[in-house]
1. For the protein assembly as shown, state the average projected area of the convex hull of the C-alpha atoms over all orientations, rounded to one decimal in nm².
2. Test of understanding: what is the full-extension gain from A:ASP378 to A:ALA82, defined as 0.36 nm times their sequence separation minus their Cα-Cα distance?
3. Enter the mean number of other protein chain beta carbons within 10 Å of the beta carbon of each residue in A:25-33, as an integer.
4. Which one of A:ILE102, A:GLY86, A:PRO317 is farthest out on the positive end of the charge dipole of chain A, using unit charges on Cβ (Lys, Arg +1; Asp, Glu -1) and the Cα centre as origin?
5. Are there chymotrypsin sites (Phe, Trp or Tyr not before Pro) in region A:322-402 that DSSP marks as loop and that have at most 15 other Cβ atoms within 10 Å, and which are they?
6. Got a sec? How would A:MET343, B:MET1, A:MET136, A:MET302 order by Cβ neighbour count within 10 Å, fewest to most?
7. In what order do A:VAL39, A:VAL67, B:VAL22, A:VAL217 fall by count of nearby beta-carbon atoms within 10 Å, going from fewest to most?
8. Could you tell me which of A:TYR333, B:VAL22, B:GLY71 has its Cα farthest along the dipole of the protein assembly as shown towards the positive end, charges placed at Cβ (Lys, Arg +1; Asp, Glu -1), taken about the Cα centre?
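Read-outs: derived from the displayed coordinates by stated rules, not from any lab. In this text the structure is predicted, and so the values were computed from the model without any measurement. So basically every Cβ, Gly included, is an ideal-geometry build from the backbone, and we count neighbours across all protein chains shown.
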Amino acid sequence: MDADITKAEDHPVQSIDTHTDTRDYLAHSRRDAERKGYVDWLIVDVDAHHVESVSWAEVTEYIEDPVVRHQATMYQKERVGAPPYGLNGDLGLRYQDVGGRIPHQSSQREKVEETDVHRDVVLTRRAMHGLAVNYMVLFPTPMLFLGMHPQTEMEVFLCQAYNRWLTERILPGEPGIVTLVVLPFNTPDEALKMVEQHADNPNVIGFCVTSTRYKPVHANEYMKLYRAIEESGKPIAFHAGYHWQDPSLATCNTFLGMHSLGFTWCNIVHMTNWILNGIPERFPKLKTLWVESGLAWVPFLMQRLDDQYLMRQSEAPLLKKMPSDYMRENCWYTCQPMEKSNMRALECTFEMINAESQLLYSSDWPHFDFDTPSVIHDLPFLNEQSKRNILGLNAAKIFGLNPKGPKAG
Amino acid sequence: MQMIRVGAVEEFEDRSKRVVTVGNAEIGVFRLGDDFHAWRNVCPHQGGPVCQGRLYPLVRENLDDQMKSHGRLYDEDKLNIVCPWHGLEFDIRTGKHPGTSELALDPVTVQVEAGDIYVLL
Ligand code: FES
């Protein structure tokens with residue numbers, strides 16, 4: 001028997017935990033990209049995250065208001081047992097890691113020895129390698145709650161500080177890392193200033209509204225903002241989020257239920273108001289991107305709005321076509337988390353949104369429901385050109401990115 | 001078929017695992033009581049490194065005879081390997097996901113001979 005026996009080697013990473021290097025964590029994703037051949041394709045990840053609160057002492061140094069900046073500095077230095085200065089949100093209700101089952105969602109405590117760039121650049125580069133992406137659009141994490149902040153001015157202070165820190169300290173470290181500047185949307189004049197301030201930065205490829213908020217997107221005070229964004233030629237994105245204090249989710253007792261609904265509900269409401277108030281007719285060149293709500297909500301809303309619109313057209317007189325036409329022609333979508341338990345429903349969704357031109361890949365790394373590019377690559381009903389469009393070329397087109405990648409001439 | 005030695009029985013504590021490589025193949029070997037089970041380290045969900053995840057007992061709802069819920073309990077007789085990418089759980093004895101028959105781990109044959117563990121590929 002001995003002659004035929006081989007000895008197995010121990011895998012160098014026996015257990016993945018919060019200390020595991022991102023490249024080891026994502027080794028299977030990298031291997032898939034190499035084996036399946038899409039490692040050489042242009043891949044743009046339109047939604048990935050870093051945890052900006054880890055660097056909060058640095059971020060708060062960029063707060064413009066001197067008194068608030070001083071308060072923040074003292075708080076960060078001396079306050080114990082409290083979340084980072086000024087951030088609202090859900091304190092200890094962050095159950096995304098399912099009780100330790102998904103360690104990368106909890107923390108990335110891996111070793112970083114590089115000192116030439118910020119730690120977040122190193123971690124992002126590692127994720128880009130693992131997911132085989134050429135461009136990664138970086139979003140914050142706890143700041144996604146800022147739309148619900150009781151002090152509207154704090155949203156302004158913190159967005160200003162974060163955007164300056166990000167564009168000055170992080171983005172210059174790696175040409176493939178880009179961002180959509182987060183707008184203090186509850187204060188439209190300040191949001192407008194932020195657009196003007198960042199519109200010419202090539203690393204800022206668009207503007208982002210965090211969707212958990214109760215301000216109606218059709219309010220007249222936003223029209224100047226939409227005009228400015230339209231003129232910049234860059235898209236506006238609505239990045240979904242959840243908020244357990246939302247009264248409509250008050251009966252949900254599981255994170256599973258609350259998160260499933262919350263991440264779609266905010267964008268369902270904003271999309272409804274956006275379309276029925278004719279914003280696409282008022283700003284026909286303004287491109288909107290709907291981020292991190294998955295895709296299953298889109299066919300539902302298309303059918304629902306079309307059905308009701310035909311009976312009540314007089315309530316939406318700006319519309320020249322069906323709501324679903326605007327949702328297909330004027331809106332773009334990111335795929336994650338792509339619901340795929342019913343492949344026929346997914347295929348129908350792709351047809352309904354004209355995915356070949358309107359759909360963009362996003363990973364949402366390092367969050368618990370992240371998608372690797374294989375979710376698009378492996379779809380049985382897409383041809384290669386559609387896969388290439390969704391994984392990168394559609395994003396290159398709407399964001400004006402180099403289709404040969406950030407390092408190509 | 002190739003016979004690959006993974007290690008000696010006594011190297012495995014009860015309810016423990018070891019992930020090994022054989023060429024390009026990655027395999028997780030699990031001990032539960034006196035039984036050994038082996039599965040490919042490729043998750044049926046998105047291809048993640050399932051066997052490199054953590055082990056958790058199965059969770060059950062604690063219902064009384066009137067169907068009222070009193071929270072949840074661990075069932076220590078059932079042990080799941082949890083894929084670290086998105087948290088899908090699979091019974092280490094059967095390889096099945098507790099919530100659907102659509103998803104299961106890819107099995108590898110294990111043999112115990114003269115105190116040593118082998119996998120057959
Ligand atoms: S790949 Fe294993 S849980 Fe998703």
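1. If I average the Cα hull's projected area over directions, I get 28.9 nm².
2. Values: separation 296, 0.36 × 296 = 106.56 nm, distance 4.42 nm.
Extending this stretch completely gives an extra 102.1 nm.
3. Numbers: counts 5, 3, 4, 11, 5, 0, 4, 3, 0.
Average neighbour count from other chains, rounded to a whole number: 4.
4. Of the candidates, A:PRO317 comes out farthest on the positive side.
5. Numbers: sites: A:TYR326, A:TRP332, A:TYR333, A:PHE350, A:TYR361, A:PHE368, A:PHE370, A:PHE381, A:PHE399; in loops: A:TYR361, A:PHE368, A:PHE370, A:PHE381.
Those satisfying the criteria are A:PHE381.
6. Numbers: A:MET343 11, B:MET1 6, A:MET136 28, A:MET302 22.
Least to most surrounded, the residues fall as B:MET1, A:MET343, A:MET302, A:MET136.
7. A:VAL67, A:VAL39, B:VAL22, A:VAL217
8. Going by the charge dipole, the pick is A:TYR333.
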